[in-house]
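See structure below.
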Amino acid sequence: MPRVREIDDPGGDPLLTEAFAKETDTFGFVLNTTKIQAHTPGIMKAAKQLSAAVEHSGLLPPQLLSLVYLRVALINGCPF
């Protein structure tokens, strides 16, 4: 049982509507982290921009980036 209630409906918020639609198109569902971060849409947007910046910076080789994602998922107890 999650400690923080997930937001399942964007409720008319344009940031949430955009993020939910993009993830549904990409993955077929909205990621759990997005549903939690949806409590504060501005922070959710900034966190997604930070992740995208790290990924697109080219500072980490793709193989290492995949290992980082895997390690974080394991630490958080999330399936990868």
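Rule-based calculations on the coordinates, nothing more; no lab input. Everything quoted here is computed from the prediction, not taken from an experiment. Cβ atoms come from the backbone with ideal geometry, glycine included; neighbour counts cover every protein chain shown.
Entry remark, the stretch 1-25: residues being closer than 16 Å to ALA46 by Cβ and touching a helix residue (DSSP H, G or I) at 6+ places or on another chain (Cβ under 8 Å) number 4 in total. For the stretch 33-80, the candidate set comprises residues that are free of Cβ contacts under 8 Å to residues at least 12 places away in the same chain and among the charged types (D, E, K, R); within that set, the residue that is farthest from PRO14 (Cα to Cα) is ARG71. Do we have any residue at all in the stretch 29-44 that's surrounded by 11 or more Cβ atoms within 10 Å (Cβ to Cβ), touching a helix residue (DSSP H, G or I) at 6+ places or on another chain (Cβ under 6 Å) and among the small types (Gly, Ala, Ser)? So far as the stretch 29-44 goes, yes, one or more of its residues are surrounded by 11 or more Cβ atoms within 10 Å (Cβ to Cβ), touching a helix residue (DSSP H, G or I) at 6+ places or on another chain (Cβ under 6 Å) and among the small types (Gly, Ala, Ser).
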